[in-house]
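A short worksheet on the structure shown next.
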Amino acid sequence: MNSTRNIAIVGPYSSGKTTVLENLLYVTGSLSRRGSVRAGNTVGDASAEARARQMSTEVTAASLTHGSLNFMFLDCPGSIELAQEAFNALIGVDAAVVVCEPDPQKVLGLSLLFQVLDDWQIPHLVFLNKMDRAIAPFSEVLSALKQVSSRPVVPQQYPIGQNETLQGFIDLVTEQAFQYHPDAPADPIPLPEALKEQEQATRTEMLETLAEFDDHLLEELIEEVEPPQTEVLQDLKDDLSADLIVPVLFGVADRGFGIRPLLEILTKEVPEAHETAKLRGFGTEGDAPIAQVLKTYMSAQGGKLSLVRVWQGTLSDGMSLNKVRVSGIYRLVGQQQTSIAQASAGEIVALGRMEGIQTGDTLSGNGLAESTPELRRATSLEPVFAQAVRTQNRKDEVKLTAALNKLNEEDPSLIWKHQEDTREIVLWGQGEIHLAIAKERLERKYNLPIDLKTPHIPYRETIRKTASSHGRYKHQTGGHGQFGDVYLDIQPQPRGEGFQFRETIVGGVVPKQYIPGVEMGVREFLAQGMYGFPVVDLSVTLTNGSYHSVDSSEQAFKQAARLAMQSGLPNCEPVLLEPIERITLATPTEFTANILRLVRNRRGQVLGYDAKPNWTGWDEVTAYLPMAEMRDLITELRSLTQGVGFFRWEDDHLEEVPDKIAEQVLATANSAA
């Protein structure tokens, strides 16, 4: 059985995840020369979009060998707008390294990620990067981490020096001190006398936390017996594997500080792939193959790669999975692909040309047996930001749909819809940067220049009063003419009742064969209304009329009905309606008051707020909010919550637009007409 560990590298934007990966590859000899994000020559962030922004825009897979172990690292984007990429990758790993900066103010940004890791019971440890730029003592950073983690935070190291004077670390298991050297292993040094008291206090805290899960260790501590290092290491491994604790390490990745100790702990303490598979209920290499897609890559040439975790069995090139033939198996190091004949249980590899297979899909050879465990699928993020898509060249419109579908294959959190009422193609995602990256991919991969603009709001019109109207259409062109004559009653209906057409004709003043033409004329007028928007929630009754035995026709009565509506609707006090959404905003409790103000400042109606179920220190605010006020809501929400706030929404009802805003809407509509 292969000794394999699959590790996700996750954390906030700019924390240095890609630099950590680059150094892991370098210290294991997988790279002869270390690249940098600034120089644009790292294994990760290899796409044009990533290098232009100097940030990860998609998952980078990189395999390496260290001793007898095979590692697969998945470097995940840190931007909250690209969180779906990380979530999709996390379902297939054995553990995660959470990279963050040693800033208590930024630690709050980990709360959403920690919640997902704990909900899914994924073992994880923290690597505090950029310790040479720490703006707070180590103890304050640990305290901040404890506030956002539902699992006990356990420091495994203690720093020697701080900020620019960071010199090394003390291993709290062995109590051995080490001095850092750039791009070289740290040397053992005597434990500094000035740090013995702090080191002892921190080590005692570590042991007491481990003793909460080990009665034997607890007895040793009570009896003041020094526990063997092997016992402490075993407790760390067992508790991390069970997602009971969150170990904390630190370093300075761009100088190579802390990378080797991190790799050593990943080697000794992180569960192996077969242990994770067993915990999830899977078999071994000899069983029928089962795999799951973690990420889909689409090349500019149209080639498709599906990154998969093999949960059990063995995958072979040419075999069929879900009735699709595997056309190549590849081990990845960034964009470098190495072809292999087969992949064993526990490995993460890329499969070629799996057409019709989507991210998150479960793959098997002969269908899933009843005993097969249900595979976890990543949480699908609600779309929260939209822009209308328009091709710069009209001739490209025919290929836009296909390109958007491929974009969605790569990134399932991108959703596009054709809005019939506004005649727009609307692209939904997680924020402005997210959609800007999508735009660049369309242009680079599919040679499809597009423009993004604010989508139109699907306003509606309705009426407040009842009125009667008369419409007569008479047209003579020589020979047979056109004649139609109708009397209509127009009445408002309760909100949400829609449109109803009735007729109360007696005596045949309008023959039955012409009445459908009257309804058609009414409906055609209501489609555009007085102000250019569809009219809803009213009834129209045909009460009287007249006809000509020769000149009348269904078409003539349709025109007469349009004229009657055109003259009658202004007398019904027409008003503008806007869509109102029911929205639920999630926020850390300390920002709840800010979120309440945010809703009210956007013409929202707060319905209530309460603690968010199963989320320690979080609230949910429920409100009604006009769709027109949601355009950049996610941007302000994140700004007010240090990037972690989010919301979900659904269409609820229509409501009258306030007079001043209605004037602005109509003025804009008239100028665009």
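Which of the strands (runs of 3 or more DSSP E) found entirely inside the stretch 463-556 contain at least 2 residues meeting this: of a type in the set (A, V, I, L, M, F, W, C)?
482-492, 499-503, 538-546
If residue 628 meets every condition in (1) part of a helix (DSSP H, G or I); (2) modelled with pLDDT of 95 or more; (3) within 25 Å of residue 107 (Cβ to Cβ) apart from one, which number is that one?
Every condition holds for residue 628 apart from (3).
So how many residues does the stretch 607-621 have that are surrounded by 16 or more Cβ atoms within 10 Å (Cβ to Cβ) and either part of a strand (DSSP E or B) or among the basic types (Lys, Arg) (or both)?
Number satisfying all stated conditions: 6.
Given the options 224, 199, 219, name the one that is in a loop (DSSP other than H, G, I, E, B) and not aliphatic (A, V, I, L, M).
Criteria check complete, one pass: 224.
Would you check if residue 637 is within 23 Å of the chain's Cα centre (by Cα), assigned to a strand (DSSP E or B) and buried (at least 17 other Cβ atoms within 10 Å of the Cβ)?
Criteria not met by residue 637.
Do we find that residue 235 is over 30 Å from residue 313 (Cβ atoms), touching a helix residue (DSSP H, G or I) at 6+ places or on another chain (Cβ under 6 Å) and crowded, with 20+ Cβ neighbours inside 10 Å in this structure?
The answer is yes for residue 235.
Please work out which one of (1) more than 25 Å from residue 402 (Cα to Cα); (2) among the hydroxyl-bearing types (Ser, Thr, Tyr); (3) in contact with an Asp or Glu (Cβ under 6 Å, 6 or more places away or on another chain); (4) touching a residue at least 40 places away in the same chain (Cβ under 8 Å) is the condition residue 314 fails and give its number.
With respect to (1) more than 25 Å from residue 402 (Cα to Cα); (2) among the hydroxyl-bearing types (Ser, Thr, Tyr); (3) in contact with an Asp or Glu (Cβ under 6 Å, 6 or more places away or on another chain); (4) touching a residue at least 40 places away in the same chain (Cβ under 8 Å), residue 314 is out only on (4).
What is the residue count in the stretch 238-281 for residues that are under 28 Å from the mean Cα position of the chain (by Cα), surrounded by fewer than 22 Cβ atoms within 10 Å (Cβ to Cβ), assigned to a helix (DSSP H, G or I) and of a type outside the set (A, V, I, L, M, F, W, C)?
1
Within the group 429, 471, which residue is under 33 Å from the mean Cα position of the chain (by Cα), at pLDDT 95 or above and buried (at least 16 other Cβ atoms within 10 Å of the Cβ)?
429
Looking at 127, 169, which is the one that is assigned by TED's automatic domain parsing to the domain that holds residue 9, modelled with pLDDT of 95 or more, among the aromatic types (Phe, Trp, Tyr) and within 34 Å of the chain's Cα centre (by Cα)?
127
So, in the stretch 504-530, exactly how many residues are buried (at least 19 other Cβ atoms within 10 Å of the Cβ) and at positive phi?
Residues that pass the stated criteria total 1.
Which members of the stretch 113-155 meet the condition of being buried (at least 16 other Cβ atoms within 10 Å of the Cβ), aliphatic (A, V, I, L, M), out of contact with any helix residue (DSSP H, G or I) (no Cβ under 7 Å at 6 or more places or on another chain) and over 18 Å from residue 96 (Cβ atoms)?
Once the filter is applied, which keeps residues that are buried (at least 16 other Cβ atoms within 10 Å of the Cβ), aliphatic (A, V, I, L, M), out of contact with any helix residue (DSSP H, G or I) (no Cβ under 7 Å at 6 or more places or on another chain) and over 18 Å from residue 96 (Cβ atoms), the stretch 113-155 yields 131, 142.
Give the number of residues within the stretch 1-49 that are buried (at least 22 other Cβ atoms within 10 Å of the Cβ), of a type in the set (Gly, Ala, Ser) and over 19 Å from residue 297 (Cα atoms).
So the answer is 3.
Go through the stretch 482-496 and give me each residue that's crowded, with 16+ Cβ neighbours inside 10 Å and not hydrophobic (A, V, I, L, M, F, W, C).
482, 484, 485, 487, 489, 491, 492 - these are the residues of the stretch 482-496 that are crowded, with 16+ Cβ neighbours inside 10 Å and not hydrophobic (A, V, I, L, M, F, W, C).
Among (1) within 29 Å of residue 333 (Cβ to Cβ); (2) not assigned by TED's automatic domain parsing to the domain that holds residue 185; (3) not charged (D, E, K, R), where does residue 246 come up short?
(2)
Of all residues in the stretch 1-43, which are free of Cβ contacts under 8 Å to residues at least 60 places away in the same chain and hydrophobic (A, V, I, L, M, F, W, C)?
The answer is 21, 31, 37, 39.
Quick check on this structure: which one of 621, 606, 599, 575 is of a type in the set (Val, Ile, Thr), modelled with pLDDT of 95 or more and closer than 30 Å to residue 521 by Cβ?
Matching residue, one of 621, 606, 599, 575: 575.
Suppose the filter is without any contact (Cβ under 8 Å) to a residue 12 or more places away in the chain and either over 15 Å from residue 430 (Cβ atoms) or surrounded by fewer than 14 Cβ atoms within 10 Å (Cβ to Cβ) (or both); does residue 652 pass it? Give the derivation first.
On the way: without any contact (Cβ under 8 Å) to a residue 12 or more places away in the chain: no; either over 15 Å from residue 430 (Cβ atoms) or surrounded by fewer than 14 Cβ atoms within 10 Å (Cβ to Cβ) (or both): yes.
Answer is no for this residue.
For the stretch 34-46, how many residues meet the condition of being out of contact with any helix residue (DSSP H, G or I) (no Cβ under 8 Å at 6 or more places or on another chain) and either over 24 Å from residue 442 (Cα atoms) or modelled with pLDDT under 90 (or both)? Give the steps one after another, and end with the answer.
So in the stretch 34-46, the residues out of contact with any helix residue (DSSP H, G or I) (no Cβ under 8 Å at 6 or more places or on another chain) come out as 38-39, 41, 46.
Those left that are additionally either over 24 Å from residue 442 (Cα atoms) or modelled with pLDDT under 90 (or both): 38-39, 46.
Here the count works out to 3.
Identify the residue in the stretch 573-600 that is of a type in the set (Val, Ile, Thr) and more than 23 Å from the chain's Cα centre (by Cα) and, among all such residues, is surrounded by the most Cβ atoms within 10 Å (Cβ to Cβ).
Per the criteria, the residue is 580.
When you scan the stretch 325-334, do you find a residue that is surrounded by fewer than 22 Cβ atoms within 10 Å (Cβ to Cβ) and in contact with a Phe, Trp or Tyr (Cβ under 6 Å, 6 or more places away or on another chain), even just one?
The answer is no, given that none of the residues of the stretch 325-334 is surrounded by fewer than 22 Cβ atoms within 10 Å (Cβ to Cβ) and in contact with a Phe, Trp or Tyr (Cβ under 6 Å, 6 or more places away or on another chain).
Taking the condition within 28 Å of the chain's Cα centre (by Cα) and on the phi > 0 side of the Ramachandran plot, does residue 390 pass? Break it down stepwise before answering.
Working: within 28 Å of the chain's Cα centre (by Cα): yes; on the phi > 0 side of the Ramachandran plot: no.
No.
Enumerate the strands (runs of 3 or more DSSP E) found wholly within the stretch 296-385, keeping only those where 3 or more residues are farther than 28 Å from residue 447 by Cα and touching a Leu at 6+ places or on another chain (Cβ under 7 Å). Give the steps one after another, and end with the answer.
Details: elements: 304-312, 329-333, 336-340, 348-352, 362-364.
The qualifying strands (runs of 3 or more DSSP E) are 362-364.
Name the single residue, out of those in the stretch 156-171 being touching a helix residue (DSSP H, G or I) at 6+ places or on another chain (Cβ under 8 Å) and over 26 Å from residue 108 (Cα atoms), that is surrounded by the fewest Cβ atoms within 10 Å (Cβ to Cβ).
Selected residue: 171.
The values are calculated or read from the model by the stated rules, or taken from the named source; none is laboratory data. Since the model is a prediction, treat every value here as computed from it, not as a measurement. Every residue, glycine as well, gets a Cβ built from its backbone with ideal geometry; the counts of neighbours run over all protein chains shown.
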